[in-house]
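The values are calculated or read from the model by the stated rules, or taken from the named source; none is laboratory data. As the structure is a prediction and not an experimental result, all values here were calculated from the model. Positions of Cβ are generated from backbone atoms using ideal geometry, with glycine treated the same way; all protein chains shown enter the neighbour counts. Only protein heavy atoms, including side chains, enter the accessible area calculation; ligands, DNA and RNA are left aside. Shrake-Rupley method; radii C 1.70, N 1.55, O 1.52, S 1.80 Å.
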Amino acid sequence: MNTFIKVTITAVLAVLTLASCSNKQSLQEYYVDNQENGDFILVDVPTSLLGKNVEALTEEQQKVFKTVRKINLMAYQTKSGDTAAMQIERDKVKDILTSDDYEELMKASGDMGQMRLYFKGEEEAIDEVIFFGADENKGFVLARLLGNDMNIGDMMRMAESLNKSDIDVSQFGSIMEVFENQ
């Protein structure tokens, strides 16, 4: 009987271990896997580069700003009309984002393509906000806003205030080229 219990416990642990392991690629792994890929443009932006005058923000805005650690930007631009390769990469990202870990917050489409906004974490304690914008012919942009206990309402108000402030966006030039006319 003792051997039966040991075998049963071992089998249960093995099943639990296999069930907890996932072959599904994470967004972080996707970023890392494509760091050296010349088809991608990757930019890591510390929050210190987002605003020259952080001190000019209100105390509440500074509090929200401090919940953001960094921003990762990734772009894939279709080259020479080869949309098939872009579609493959876009589908990989979509597969990652449709996992149970990400909640879709908003989606829209228009002349500039499709846009989706996702978050990871609890609504009042968000760890990651994802922007995914894609154009069928030009490529896609993926932006990850990483932080600790971010609040989506606070982030929206912060975005509005940063939109009105003096932000140096020169480091984003190569990313935005993805959606410029070819």
* Please work out how much length the chain gains when fully extended from Asp101 to Lys70, using 0.36 nm per residue of separation minus the C-alpha to C-alpha distance, in nm with one decimal. => 9.2 nm
* Accessible surface of Phe131 - all protein chains present, 1.4 Å probe, nearest 10 Å² -> 80
* Just the number, please: carbon plus sulfur as a percent of the accessible area of the range 74-123, 1.4 Å probe, no ligands or DNA/RNA counted. => 45
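Once you have the Cα-Cα distance between Asn148 and Glu59, take 0.36 nm times their residue separation minus that, and quote the gain in nm to one decimal.
Values: separation 89, 0.36 × 89 = 32.04 nm, distance 1.79 nm.
Separation in residues times 0.36 nm, less the Cα-Cα distance, equals 30.3 nm.
So how do 27-39, 114-126, 139-151 stack up, highest first, on mean other-Cβ count within 10 Å? Spell out each step's value before the answer.
Numbers: 27-39: 13.1, 114-126: 16.3, 139-151: 20.2.
With the highest mean Cβ count within 10 Å placed first, the list reads 139-151, 114-126, 27-39.
What's the FRET efficiency of Ala85 with Ser109 using the Cβ-Cβ distance as r and R₀ = 22 Å, to the nearest 0.05?
On the way: r = 22 Å, r/R0 = 1.01.
Computed FRET efficiency for Ala85 and Ser109: 0.50.
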